[in-house]
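Peer 1: Would you mind keeping the following structure in view while I ask a few things?
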Amino acid sequence: MDRITGIELYLRVVETGSFSKAAADLGVTQPTATRHVAALEAQLGARLLHRSTRGVTPTEVGQAYYERCKHIALALEEAGNLASLLQAGVGGTLRVGCSVAFGRRVLVPLTLRYMQQHPGVTLDLSFDDRYVNLVEQGIDVAVRMGRLADSTLGARYLGINPWAVLAAPALLERRGMPAEPTALVQEDCLVYSSVMGDDRWQFRLPDGGMSVVPVKGPLRSNNLSAVLAACRAGLGFAALPWYVAGPSVQAGELVPVLTGHALPSQEMHAVFPSPRLVPGKVRSFVDFLQQQFTAARWWEMPLTK
């Protein structure tokens, strides 16, 4: 027998003085109520109720057991109310994860705005370029780029993350502006080794076709800031996301090249441990992110350098 159900029935039997009334209150039959209470007595090895034609009353042991179980029932009710409140409400600690560059340049300014709108939420930000298991690391929501591999996660599409090929003005003065993607085969290129085809850059041609260009050069790194710094120093051409390159382009430190041949954009998703029973704080934060990233050219909004 379910012990919690047995305790609930026992409490109602004591309070109503009747198995039939207790059974009706909890929506079960009288024989079911009788079996549950009998199972409790067998588990405890003690008689809890005096039974007579006039009704039922607790024994000395039964009265003490009733008092203790009443506290348990109240605690269970409070726990249920708290869980419902946390599930529906926007408050508590929200643990958010993403890559280092995206976190520092994009997510930090966004979360500052979110915290101003939701002062009851405490943000715990975790930035890591490695794949992170949300459940093992206790992450409530993460922003991920590209196609999603884990179908068991809850996910919400946020928008696209566009990339571009860029170069420093000094490099373009020395080498000239490339006219076609294939010209990069003969140039020094700076390779970001995590995404975007690594050292095989894919370009979408004006006619809709694709061109895959193998590249090489003096630097290869899994850190976008390192690639950005080398590109600004004129050491080579680089493929970078606009949220990283944008401030340098605005400052005149970098120039977009091959603008008629776009690199594929990455999809961005907010992911969370389960698609079911999503906590209110997660829903609120994901809704906020979706509003920011579905705006036209979100990557041009003010960012940190």
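The values are calculated or read from the model by the stated rules, or taken from the named source; none is laboratory data. Everything numeric in this text was worked out from a predicted model, so none of it was measured. Positions of Cβ are generated from backbone atoms using ideal geometry, with glycine treated the same way; all protein chains shown enter the neighbour counts. What goes into the accessible areas is simple: the full protein's heavy atoms, side chains included, and nothing from ligands, DNA or RNA. Shrake-Rupley method; radii C 1.70, N 1.55, O 1.52, S 1.80 Å.
Peer 1: Per the helix-only calculation at 222 nm, which mean residue ellipticity applies to the chain, given -39500 (n - 2.57) for every DSSP H run of n ≥ 4 and division by its residues, nearest 500 deg cm²/dmol?
Peer 2: Using -39500 (n - 2.57) per qualifying helix, the result is -12000 deg cm²/dmol.
Peer 1: I would also like to ask the following. With a 1.4 Å probe and all protein chains in place, put THR111, THR32 in order of accessible area, largest first.
Peer 2: The residues order as THR32, THR111, largest area first.
Peer 1: Students sometimes get this wrong: rank LYS21, LYS70 by accessible area, probe 1.4 Å, all chains present, largest first.
Peer 2: LYS21, LYS70
Peer 1: Tell me the per residue accessible area of segment 154-202 using a 1.4 Å probe; a whole number in Å² is fine.
Peer 2: Heavy-atom accessible area per residue stands at 47 Å².
Peer 1: Using a 1.4 Å probe and counting only protein heavy atoms, arrange TRP163, TRP242 so the residue with the most accessible area comes first.
Peer 2: Descending accessible area places them as TRP242, TRP163.
Peer 1: Can you say what percent of the DSSP beta bridges in segment 159-305, counting only those with both residues inside, are antiparallel? Round to 5.
Peer 2: 75 percent
Peer 1: Over 10 Å intervals from 0, what percent of Cα-Cα pairs in segment 155-195 sits in each interval?
Peer 2: 19, 45, 22, 11, 3
Peer 1: Carbon-plus-sulfur fraction of the accessible area of segment 96-160, 1.4 Å probe, in percent?
Peer 2: 51 percent
Peer 1: By per-residue mean of other Cβ atoms within 10 Å, what is the highest-first order of 288-294, 53-59?
Peer 2: 288-294, 53-59
Peer 1: Can you tell me the Rg and Dmax of segment 202-304, counting just the alpha carbons, in angstroms?
Peer 2: Computed over the Cα atoms of segment 202-304, radius of gyration and Dmax are 17.4, 51 Å.
Peer 1: Looking only at the chain, where both bridge partners belong to it, what percent of the DSSP beta bridges are antiparallel (to the nearest 5)?
Peer 2: 65 percent
Peer 1: In terms of the ratio Rg/(2.2 N^0.38 Å) built on C-alpha atoms, what value belongs to segment 191-259?
Peer 2: Cα-based Rg divided by the globular estimate yields 1.12.
Peer 1: How are the C-alpha pair distances of the chain spread across 20 Å bins, as whole percents from the shortest bin up?
Peer 2: 26, 34, 20, 15, 5, 0
Peer 1: Between ALA46 and TYR131, what length in nm is gained on full extension when 0.36 nm per residue of separation is reduced by their alpha carbon distance?
Peer 2: Here the answer is 25.1 nm.
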